[in-house]
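Scroll down for the structure; my scribbles are underneath it.
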Amino acid sequence: MLKKTKRIPGIPVKEIDLNDRKNFKLVTATMTSEEAVAEASRCLLCDEVCNVCTTLCPNLALQHYEVESIKFKLQKIENGKIVDDDIFEITQKEQIIHIADWCNMCANCETFCPSSGAPYKEKPHLYLNKTTFAAEKDGYYYDNKNQTLLAKESGFDFSLTEKDNFYLYQSDNLIAKLDKKTFEITDYTGAENEDYDLKKAAEMSIILKGAEKITGN
Ligand code: SF4
Ligand code: SF4
């Protein structure tokens with residue numbers, strides 16, 4: 001059920017009388033500390049939840065989804081060994097995904113984004129049509145039946161399959177089994193003398209959540 005919200009108006013700005021301005025008195029009064037606290041409590045925390053673009057896209061091509069905050073140390077494969085890599089962290093629970101098939105590039109979302117963003121260019125592009133996805137160089141496609149997110153980046157192919165306790169990640173010459181909670185590599189096969197990192201896999205694990213929601217999995 002939708003929660004009812006109530007508009008809380010701002011505190012009116014207090015100004016001195018028009019007849020009392022031929023002097024050096026402050027025209028606009030400052031707030032008392034109580035008023036300042038009340039005013040600050042009206043903040044909508046739009047740096048945490050904005051979603052403006054999802055409400056103004058005429059084609060509903062921008063959709064929001066929620067993820068859990070996560071933080072883990074990634075691993076990578078270097079000289080045939082598993083070693084520690086950078087921290088991967090998601091603090092913002094609210095995420096936006098762009099359904100590329102539905103976007104006609106009107107740029108409405110760019111015009112009204114309060115953060116000067118261009119969501120239709122910058123957010124992950126999810127294709128619902130596999131043929132359209134196949135013709136693109138960058139983007140994502142979710143194979144609902146196999147719980148697999150396919151990705152393309154600059155023409156390279158990646159896939160991430162979600163299982164009960166692990167992810168199976170595939171990129172050029174690499175197949176890696178990753179612990180779902182810690183993202184540790186529990187098994188892998190890869191080409192000798194090639195190094196691999198898992199940054200793309202970590203990003204895909206987040207986008208997969210959005211793709212699942214959009215496709216109703
Ligand atoms: S550019 Fe695309 S995503 Fe943005 S408002 Fe227009 S149709 Fe929607
Ligand atoms: S892309 Fe812009 S409009 Fe959309 S949620 Fe982020 S800040 Fe808000």
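At a glance:
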| read-out | value |
| --- | --- |
| Pair list, Cβ under 8 Å, 6 or more apart: the stretch 34-49 residue under 24 Å from residue 66 (Cβ atoms), other residue outside any loop (DSSP other than H, G, I, E, B) | 46/52; 48/94; 49/94 |
| Residue list for the stretch 6-56, restricted to those being at negative phi, within 16 Å of ligand 1 (Cβ to nearest atom) and within 17 Å of the chain's Cα centre (by Cα) | 50, 52, 53, 54, 55 |
| Residue within the stretch 138-148 that is surrounded by fewer than 19 Cβ atoms within 10 Å (Cβ to Cβ), touching a residue at least 12 places away in the same chain (Cβ under 8 Å) and within 15 Å of residue 199 (Cα to Cα) present | no |
| Hits in the stretch 176-195 - residues which are farther than 15 Å from residue 206 by Cα and either in a loop (DSSP other than H, G, I, E, B) or of a type in the set (A, V, I, L, M, F, W, C) (or both) | 176, 184, 185, 190, 191, 192, 193, 194, 195 |
| Filtered residue count, the stretch 34-58, keeping only those that are surrounded by 14 or more Cβ atoms within 10 Å (Cβ to Cβ) and touching a Cys at 6+ places or on another chain (Cβ under 7 Å) | 3 |
| Unique match (being surrounded by 11 or more Cβ atoms within 10 Å (Cβ to Cβ), away from ligand 1 (no atom under 16 Å from the Cβ) and within 14 Å of the chain's Cα centre (by Cα)) among 77, 99, 70 | 70 |
| Boolean, residue 132 is in a helix (DSSP H, G or I), among the polar types (S, T, N, Q) and loosely packed, with under 13 Cβ neighbours inside 10 Å | no |
| Search result, residues across the stretch 125-162 that are in contact with a strand residue (DSSP E or B) (Cβ under 9 Å, 6 or more places away or on another chain), closer than 20 Å to residue 212 by Cα and basic (Lys, Arg) | 130, 152 |
| Residue list for the stretch 159-176, filter: within 9 Å of residue 190 (Cα to Cα) and surrounded by 13 or more Cβ atoms within 10 Å (Cβ to Cβ) | 174, 175, 176 |
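Only the coordinates and a few stated rules stand behind these numbers; no lab work does. Bear in mind that the values here come from a model prediction, so they are computed numbers and not experimental data. Glycine also receives a Cβ, built like all others from the backbone with ideal geometry; neighbour counts cover every protein chain displayed.
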